[in-house]
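Every number in this text was worked out from the coordinates using simple rules, so none of it is lab data. No experiment lies behind these values; they were computed from the predicted model shown. Reconstructed Cβ throughout: ideal geometry from the backbone, glycine too, with neighbour counts over all protein chains shown.
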Amino acid sequence: MTKTTEHILPPVLERSNLLGWMRRNLFGSWIDALLTLIGVWIVYWAASGLLRWALYTAEWKVIVVNARLLMIGQYPIEQVGRLWIWLGFLIFLLGNSLAIWGRGSRIAPALLALPVAMAFIFPFGADPRKWLIAMTAIGLIGWGLGRVKPEALKRSVIAGWVISLPIIILLTYGLSKSEASIVPIVRTNLWGGLLLTFLLTVVGILFSFPIGVLLALGRRSELPAVRWFSVGYIELVRGVPLITILFMAQLMLPLFLPEGWTVDRVVRAMVGITLFSAAYLAENVRGGLQAIPKGQFEAAAALGLSGAQTMIFIILPQALRLVIPILVGQFIALYKDTSLVAIVGLLDLVGIARTVLAQPEFLGLQREVYVFISLIFWALSYGMSYVSQRLEERLGVGIR
Amino acid sequence: MRKLYMSLSVFVLLALALAACGGAAPAGGNTVTVKETVVVTVEVPAASAVVAPSGYGETLKAVQARGHLVCGANAQVPGFGYVDSNGNYAGIDVDYCRALAAAVFGDATKVEFRPVTAAERFTALQSGEIDVLSRNTTWSLVRDTELGGNFTATTFYDGQGMMVPVASGMTTLKDLEGGTVCVQTGTTTELNLADVMAAEGVSYTPAVFEDADATFAAYSEGRCDAVTTDKSGLISRRSVLADPAAHIIMDVTMSKEPLGPMVRHGDDQWFDIAQWTVFTLFAGEEFGLTSANVDSKRDSATAPEIRRMLGLEGDLGLKLGLSNDFAYNIIKQVGNYAEIYDRNLGPNTPTYIPRGFNKQYTDGGLLFAPPFR
Amino acid sequence: MQYEQKRETAIPFWRDERILRVLGQVVFVALVVFVATLIYQNMKAGLARQGISLSYAFLKNLSGFDIAETAFPYSRNSAYWQAFLIGLLNTLLVSVVGIIFSTILGVILGVARLSTNFIINRLASFYLEIIRNLSLLVFLIFWYLGVFLKLPRVKEATPWLGDIILTNRGVGIPWGIPTASFPTFRLILFLGLLFALVVFFALREYGKRTGRAPLTLVWSFLAFLLVALIGWFVLPERPIVADLAFVKGLNLSGGKILSPEFMALTSGLVLYTAAFIGEVVRAGIQSVSKGQIEASRALGLNSFQTLRLVVFPQALRVIIPPLTSQYLNLVKNSSLAIAVGYPDVFYVSNTIQNQTGRAVEMISLVMFTYLVLSLATSALMNWYNQRIKLAER
């Protein structure tokens, strides 16, 4: 996978020869040959078993019937359009961004065509199909616009990303209590499935990031009180499993608040995830801060910048840029970790899978359901890391 | 690239602004609390104010102000509380909450279900997060006292049982000597099992699981020699095993398990409402009132008790602090006890459980509604 | 400029940076203390409303529930703290076994990723890509329900790979039973250990004196083995006889029976963590520059010596810090035992909290326990890291 730059071109003859390639790469020595055979056997055994199960044994009906539940939980069906709208908004921004920053990348159209492909491959109903096709159309429009006017759009795209979270939350939660309004409130107990997983992830990322940065700065602060607080917090949180923090958020947070106050269960989980992730992010950011040479501080001071100005305009942008790959890794870990909220009783992807398995007509189909949600977790997480790697390469992020 | 910095800087500024909101220097310290307050005010605008405090009449007022009932439910027990593939809650415990909503609002749909785990259900009730807990919870002394709740009435009489494969030839608990028993944690079941086995002098290994699904999956795969839970659960789960006839429920009852809805200590009015909702369901069956015929029966009712119950005579509903036709609303919108039972656990469902003790006292069961007067 | 200012008037105290700093910190500390007190007061008030007071005294009460896997005798008549201790020991067991095996598998994966064999290389990367993008919780649930519970039933079980019996009631492996001469043998083993230590220090001295690098550990181990073997054959009776697992009725008997929950949790954690360790190892090996290898070859070291004396020590320095955090992750992730029903410390505490309603006490106790475990692990690894660190001159 890694390209070795000092690779010397082999003689043409050997390169074009399949047998030669096999000899070099598969049967170099007798140990190699043995390993190859074992490898081939493992591949055959795993693939054939998996295919046989997936095509013949598995009962995928449980997924087809419960597809909506797994995707959005009990979100009312007449309000689903709101979710599509913000998804469309995100895809539009994605198309835009891919065109602007991923110049000439070929993955963009493929990525944007994914919804249409899904619409035709999987047995969706008529409505979701229409929406999926619309998603691709919107994404391609965004992409096209981005290609035509990359410079002019940059600002608005960034602004779009910044306001996307409020938009998502507003559209998902709703504005007005009355049923008559266009966006009536949909309570969080109806959020579920992939929707809840997604929201937990997004909120977790967006809130833990600033807190993490502040903690990292706090840890390097010259003020002992601040420093010790940050160190204590970071080490305390990093020393315990996420599940204990989630339990604390679910069971103890209500006790910490004055009588008569409650915090929504979903919000409690968000708080738990955010506080947990912030400690890890703080350490990552600290790594970036430590890598900034002293000269930068001195130069900033020489220019007459104050401490806060130095941090915001000189140090942080460089430090954060350095650690972007690590941060993305942390965000992906956060996404995977959101599944733990199922243990405290939220109906995220895993939680809803468990309730689906309690439906009388589908008892005992654990393999199908868990394989399906594993696939979702895998696809999104792999997709995230793939896209971010590509973007990083293109932007030269992480390389000084 | 520069834009990337910009967007990142924007985030940082956002962070600083957040900190500033909390009235703190941007020092990275008290963000913990800052976040909580922000979230509370932003995302739970009104809900934080309408949590039901305890105290006479407070709960009903709070529920009415909020506009809907909040019911702590189960999402994982077929027949009692689960989410069907349309995303709707279903089950006998769930229908009770609908009945309560019908009593309070005259509208059975004004209820919000919160799935609560076995571990957090009592905390959720105590903290006022839910108004009523209807989640196959066993009535016991500790729960009535120390855990801060009051059981209203038993909606389902159950007892703990033990299921084994027929082929094992086991018929008594003694046969389980040296065996493994699958059981779910966080329940009285786990404690009963230890009690009964100790009393019988049987040594066994428990295999304890956190959710019902894993418990029965483990049993059906042969991980355990036996599985124990409430008999209702055994029956409904047996009916969906690969070969139901290959499993038998031992003729032992290891404990009494009266299941029913629970409310907080301290609000007797709310307790009465929750309790008489149950009795309305019972009485509805006793008097032959169903959702289909309650309209015509109301028009033709002559029996004084039925007339009182349906609000045609007297002011029973008003005494509870409800509208006078609360019972009519319950029966009309949710049905009587038999209808709820048949809908969820009747012979035409995959989770069929014979009614057993859960028959009217007139049929030799234990359902007995006090007089409506 | 500054001079003049100073002469004219002293800086007012509200602009004196030193005072401001102190003031800022005082405010900060006051704020933290204030919030903490507020939380504490709320909690106390809340608990008082429920008629509960904070106390750990309940840990002495009878637990009333049974636990499957116990390191010491335990019954429903034991106390809560004993149940907690059993959970803790189970966590330690899973952590230690998990760390050992995930290190082994991780090193294999890391090396396989660098292999020139196309199939092996691809297989290893494929494995890493699959595992690293899965949610551990989902993986564990699937691993338990979809794999370990689907193993053959006891009746259909046949020994596998010699004498290992795989069933969904557990995995039976051969184990040893000590005989009458075992105490003597233990003594001999102790002597062997002493002998090995002597060899170890002698060789190290020798290495320091001559500048050579003898295989210290290997030779010490061989010394130990020699003594052990002599003891084994000299004693009139074999000190340990093999005890094979076998099927007895509905259950496994004899040997050592590992429960499916333990196996699923441990192997799941191993498979998951090994994928991350594999990457750590690969990065570590790749971090040693080619020049180092070429230089050592130029010095006349053979390829084994190059690996042992040049590549490995340098790679280790890069590997240890991230490896430590992987170990910590494994320890913390073992709390997911709750998903597969293995009674680790978190699961047992959860049960206790369930039965007693003591949420605050149990959660704080569990968090404290994990904190101590994490700190101990990182202290151990830091100590090791210090030892192998480049001695900078």
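Shape annotation for the stretch A:214-300: C-alpha extents along the principal axes are 53, 23, 20 Å, from largest to smallest. Assuming a viscosity of 1.002 mPa s and a temperature of 20 °C, what translational diffusion coefficient in µm² per second does Stokes-Einstein assign to the stretch B:62-202, Rh being the Kirkwood radius over Cα pairs? Diffusion coefficient, whole number: 125 µm²/s. When the convex hull of its Cα atoms is viewed from all sides, chain A shows a mean projected area of 28.4 nm².
Evaluated at q = 0.18, 0.24 Å⁻¹, a Debye calculation over the C-alpha positions of the stretch A:77-185 (equal weights, vacuum) places log10 I(q)/I(0) at -0.92, -1.20.
In this label model, residue A:297 and residue C:238 are separated by 6.8 nm, measuring between points 7 Å along each Cα→Cβ vector. Note that the stretch B:292-373, at 25 °C in a medium of 0.890 mPa s, gets a Stokes-Einstein diffusion coefficient of 173 µm²/s from its Kirkwood radius over C-alpha pairs.
Over the C-alpha atoms of chain B, the Rg to Rh ratio, Rh being the Kirkwood estimate, stands at 1.07. For the stretch C:203-300, the alpha carbon convex hull comes to 193 Å³ per residue, rounded to a whole number. With kT/(6 pi eta Rh) evaluated at 20 °C and eta = 1.002 mPa s, and Rh the Kirkwood radius from Cα pairs, the stretch C:124-225 diffuses with a coefficient of 114 µm²/s according to Stokes-Einstein. Computed over the stretch A:197-400, the alpha-carbon pair-distance distribution with 10 angstrom bins reads 8, 27, 31, 21, 10, 3, 1, 0, each value a whole percent. As a ratio to 2.2 N^0.38 Å, the alpha-carbon radius of gyration computed for chain C takes the value 1.34. Normalising by residue count, the stretch C:240-393 has a Cα convex hull of 203 Å³ per residue. Considering only A:374, B:108, B:357, and ranking their Cα positions along the charge dipole of the protein assembly as shown that arises from unit charges at the beta-carbon of Lys, Arg, Asp and Glu, the one farthest toward the positive end is A:374. With Cα atoms as the point set, the stretch B:279-320 shows a radius of gyration and Dmax of 9.9, 27 Å.
Ordered by the number of other Cβ atoms lying within 10 Å of each residue's own Cβ, fewest first, A:311, C:362, A:71, A:118 fall into the sequence A:118, A:71, A:311, C:362. Contact order for chain A, expressed relative to its length and based on alpha carbon pairs under 8 Å spaced 6+ residues apart, stands at 18 percent. Can you find, among A:135, A:269, A:279, the residue farthest towards the positive end of the dipole of chain A? Put +1 on the C-beta of Lys and Arg, -1 on that of Asp and Glu. Farthest towards the positive end: A:135. Taken about its Cα centre, the stretch C:158-247 carries a charge dipole of roughly 440 debye when the Cβ of each Lys and Arg holds +1 and the Cβ of each Asp and Glu holds -1. The fewest-to-most ranking of C:246, A:207 by surrounding Cβ atoms within 10 Å reads C:246, A:207. What is the local net charge at residue C:203, summed over the other residues whose Cβ is closer than 12 Å to its Cβ (Lys, Arg +1; Asp, Glu -1)? Net charge in that neighbourhood comes out at +3. Kirkwood radius and radius of gyration were both taken over the C-alpha atoms of the stretch B:158-298, and their ratio Rg/Rh is 1.12.
Computed about its Cα centre, the charge dipole of the protein assembly as shown is approximately 4800 debye, with only Lys, Arg, Asp and Glu carrying charge at their Cβ. Sorting the segments C:275-288, A:334-347 by their residues' average number of neighbouring beta-carbon atoms within 10 angstrom, most packed first, yields A:334-347, C:275-288. Each 5 Å bin from zero holds the following percent of Cα-Cα pairs in the stretch C:99-177: 3, 13, 13, 15, 18, 18, 14, 5, 1, 0. Taken about its Cα centre, the stretch B:131-202 carries a charge dipole of roughly 120 debye when the Cβ of each Lys and Arg holds +1 and the Cβ of each Asp and Glu holds -1. The alpha carbon convex hull volume per residue for the stretch A:116-254 rounds to 221 Å³.
For the protein assembly as shown, the extents of the C-alpha atoms along the principal axes are 111, 98, 67 Å, listed from largest to smallest.
Over the stretch B:55-116, the pair-distance histogram of Cα-Cα distances with 10 Å bins from zero comes to 24, 50, 23, 4 percent, rounded to whole numbers. The value of relative contact order for chain B, using C-alpha pairs under 8 Å at least six residues apart, is 19 percent. Rg then Dmax, both in Å and based on the Cα atoms of the stretch A:290-400: 22.0, 73. Look at the stretch A:184-190: the mean tally of other chain Cβ atoms within 10 Å of its residues' Cβ atoms is 3. Remark: A:230, B:134, A:381, C:253 ranked as C:253, A:381, A:230, B:134, counting other beta-carbon atoms within 10 Å and listing the fewest first. From the residues B:201, B:222, B:171, which one has its Cα farthest along the dipole of the stretch B:158-256 in the positive direction, the dipole being from +1 and -1 charges on Cβ of Lys/Arg and Asp/Glu about the Cα centre? Final value for the positive-end residue is B:171.
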